[in-house]
Every structure is written in structure tokens, then in C-alpha cells.
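Below is one structure, written out as C-alpha cells, with a few remarks after it.
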Amino acid sequence: MPALQLSDSRTLTYEDYGDPNGWPVIFNHGFSDSRLIRNPDNNLTASLGVRIISADQPGVGGSSPLRGRRMVDWGKDMEELADHLDVQTFSVIGHSGGAPHALSIANKLPDRVNKVVLASPVGPLDYPGMTDLLRHPDIKLIAKLHRWPSLIRWLCRLSAYQANRNIKGFIQQNAKKDASDAALFLRDPALKKMFEESFLAGVAQKGEGLFEMIMALWHWGFDPSNIEASVKIFYGDADDIIDTQMSKQLSSLLPNSATQIWHQLGHYGFVNKYCWVDLLKSARN
């Protein structure tokens with residue numbers, strides 16, 4: 001697992017896969033996920049002529065925590081990673097809570113980000129009506145507890161404990177609460193293994209990464225309406241985690257955006273082979 005020491009002495013762990021000579025894309029994982037989330041067929045990724053760079057967010061995997069972080073901070077971290085890898089111009093992809101991370105990079109580096117592609121994105125939760133569009137019961141509870149961070153931290157540690165104690169049972173419980181993604185979680189052996197590894201990396205630091213991302217979903221530190229890059233938003237119309245209206249609301253805030261529906265797919269549908277191809281083709285130069 002490659003790691004970079006950032007200018008403030010924090011550690012950033014990341015993956016670099018796909019076609020090493022392909023178009024570079026910085027992938028931003030969502031809540032409870034990690035740098036490991038992807039379609040597990042790396043040959044497919046390479047065949048599309050794309051090089052994926054995927055980093056663990058603070059407190060996830062081997063990346064150092066950053067207490068009190070905001071979304072705007074991620075843009076600088078990714079600037080350092082891109083410089084380290086000598087990547088000058090690239091696209092960004094973000095899934096769910098990784099969407100504002102992707103937009104943070106575009107906000108920080110408007111002259112270097114070619115395209116933004118989002119899948120089932122989370123909008124700025126401090127905007128009017130946004131939290132009403134959360135559907136998953138655990139996430140709705142977290143939104144209600146937003147002003148009590150000590151309770152949220154306890155819930156994140158509990159989730160980490162449950163995942164580490166029994167990752168297969170943890171995923172089965174997630175499948176019950178997120179029925180539209182149950183087949184992805186449980187049926188395909190390669191996808192199942194990927195989710196197990198990704199979720200375990202997501203809670204590797206006793207849920208610190210979960211906590212830090214949750215708190216950063218409010219008050220991003222930048223205005224989405226200032227994003228200059230072209231933005232393509234994909235979302236599944238069977239999403240059990242976020243109402244499809246959130247994608248539309250976020251699109252309305254972005255000056256140069258378009259949306260596309262994945263029919264009969266849920267929140268994690270982007271790891272499906274055909275959706276993964278959609279994402280990567282949309283991100284290519």
C-alpha cells in the first residue's frame with residue numbers, strides 16, 4: 001500500500017491501478033468506504049484506458065486523522081498527491097460522501113481538473129431541505145444528532161466494533177437495511193470480497209474516518225456554484241440510502257452539470273460492471 005507524507009506530516013495512503021499510461025482519474029470514496037472500493041475487475045479498468053488514483057480520506061485505512069477537517073481541506077491533500085505522482089491534468093470521480101471531496105478538488109484546482117463525475121452524490125447537508133432527502137435509517141439518525149458530536153463518535157466506534165468483530169454479519173445487516181444493494185453485497189464472490197476489505201479499511205481506526213467525514217458533510221468551506229468544470233451526475237432510481245432528489249438538487253447548484261439515471265439500481269450500483277464503464281468513460285479526456 002503506497003503512502004505519502006503530506007506537508008503537515010500526516011500520512012496519506014492510496015492505490016494506483018488500471019492502465020499506468022491511461023488518463024488519470026482521482027477517485028473519492030464515500031462514507032464507510034475506503035480507497036479499495038471499485039469494480040474488482042482491474043483488467044476492465046485498464047482496458048478503458050484509465051489510471052485510477054484512490055486515496056483513503058483522513059482517519060480511513062492508513063491515512064492520518066485530521067480532527068475538525070472540512071471538505072475544502074481535501075483539495076490541498078489531493079494537490080500534493082497529484083504533484084507527488086507528477087499528474088498535471090486529470091479528472092475526478094466521487095461516490096456518495098466522496099462527491100463533495102471530488103468537488104473540493106475541482107474547487108482547489110480549476111486549471112487542472114478536466115471533468116467531474118459523481119455517483120449517487122451527497123449534497124451540502126447544511127442547505128435547506130437536504131437532510132430531508134436522506135433515506136437510510138442510520139444516516140437519518142446521524143443527521144438528527146449532528147449537534148451532538150460525542151454521540152456520533154460513539155455510534156461510529158460501535159459500527160467499527162461490529163464490523164471488525166464479524167464483517168460478514170456486518171455486511172448482511174447492511175444488506176437488510178439497503179435492499180436495493182443486497183445482491184451486490186452478497187451474491188457475487190468478487191464483489192463480496194471487495195466490500196469486506198473496503199469496509200474493514202473504512203473502520204480501521206475505530207471509526208475515526210466515519211466520524212470525520214460525517215462532520216465534514218456540513219459547511220463544506222466552498223460554494224458549489226463556483227465549480228467551473230463540467231460535472232456529470234449518475235444516480236440509481238432504486239436508491240435506499242439517498243433520495244434521488246438529492247442528485248437533482250446538487251445538479252441545480254452546479255453551473256455546468258447534467259444527470260443520468262441508472263434504472264433499477266441502488267446507491268452502490270456504480271460498482272456494477274456496466275455502471276463502472278459509464279463512470280470511467282465519462283471521466284476520460
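Rounded to the nearest 10 square angstrom, SER47 shows an accessible area of 90 square angstrom against a 1.4 Å probe.
Along region 176-192 the Karplus relation, 6.51 cos²θ - 1.76 cosθ + 1.60 evaluated at θ = phi - 60°, assigns HN-Hα couplings of 5, 7, 10, 4, 5, 9, 4, 4, 5, 5, 10, 8, 7, x, 5, 5, 4 Hz to successive residues, with x for each Gly and Pro. Once Cα extents along the principal axes in Å is calculated for the structure shown, the corresponding label among (i) 90, 49, 28; (ii) 40, 38, 37; (iii) 53, 36, 35 turns out to be (ii). Across region 134-151, computed HN-Hα scalar couplings (Karplus, 6.51 cos²θ - 1.76 cosθ + 1.60, θ = phi - 60°) run 7, 10, 5, x, 5, 6, 4, 5, 4, 4, 5, 8, 3, 7, 10, x, 5, 5 Hz from first to last residue, x flagging Gly and Pro.
Amide H contacts of LEU118: GLY94, LYS232, ILE233, PHE234, each under 5 Å away and 5 or more positions distant or on a separate chain (H built 1.01 Å from N in the peptide plane; Pro and chain starts excluded). The phi-based Karplus calculation (6.51 cos²θ - 1.76 cosθ + 1.60; θ = phi - 60°) puts the 3J(HN,Hα) values of region 267-281 at 5, 9, x, 5, 7, 4, 3, 6, 6, 4, 5, 4, 4, 5, 5 Hz, whole numbers, x for Gly and Pro.
Among the protein heavy atoms of region 1-50, carbon and sulfur supply 45% of the accessible surface, probe 1.4 Å, non-protein parts ignored.
Normalising by the residue count of the chain, find the relative contact order in percent from Cα pairs under 8 Å and 6+ residues apart. If you can, show how the numbers build up before the last one.
Working: 614 pairs, mean separation 67.7, N = 285.
For the chain, the relative contact order is 24 percent.
Nearest 5 is fine: what % of DSSP beta bridges in the chain come out antiparallel, could you say?
Percentage antiparallel, nearest 5: 25.
A cut-off of 5 Å between modelled amide H atoms, ignoring neighbours fewer than 5 places along the same chain, links GLY22 with ARG51.
Nearest-5 percent of antiparallel DSSP beta bridges in region 4-103? Before the final figure, lay out the partial values.
Details: 7 of 16 bridges.
Once the DSSP bridges in region 4-103 are tallied, antiparallel ones form about 45 percent.
Across the cross-link table entries LYS115/LYS232; LYS248/LYS281; LYS108/LYS140; LYS140/LYS273, which are compared at the Cα atoms, the separations over 20 Å belong to LYS248/LYS281; LYS108/LYS140; LYS140/LYS273. Taking each DSSP H run with n ≥ 4 as -39500 (n - 2.57) and averaging over every residue of the chain yields -12000 deg cm²/dmol at 222 nm. Surface exposure of the chain, expressed per residue as accessible area with a 1.4 Å probe, stands at 42 Å².
Could you look at region 144-258 and say what percent of its accessible area is carbon and sulfur, using a 1.4 Å probe and all protein chains? Before the final figure, lay out the partial values.
Details: 2900 of 5640 Å².
Ligands and nucleic acids excluded, carbon and sulfur give 51 percent.
Net charge near HIS263: determine it from the other residues with C-beta under 14 Å of the C-beta of HIS263, scoring Lys and Arg +1 and Asp and Glu -1. Within the 14 Å Cβ shell, the charges total -3. Each residue was assigned an accessible area with a 1.4 Å probe, and for ARG157 the value is about 130 Å².
Estimated at the nearest 10 Å², the accessible area of PHE31 is 50 Å² with a 1.4 Å probe.
The values are calculated or read from the model by the stated rules, or taken from the named source; none is laboratory data. Here the structure is a predicted model, which is why all the values come from computation and not from measurement. Methodologically, a virtual Cβ is constructed for each residue, glycine included, from the backbone with ideal geometry; neighbour enumeration extends over all protein chains shown. With ligands, DNA and RNA removed, areas are computed over all heavy atoms of the protein, side chains included. Shrake-Rupley method; radii C 1.70, N 1.55, O 1.52, S 1.80 Å.
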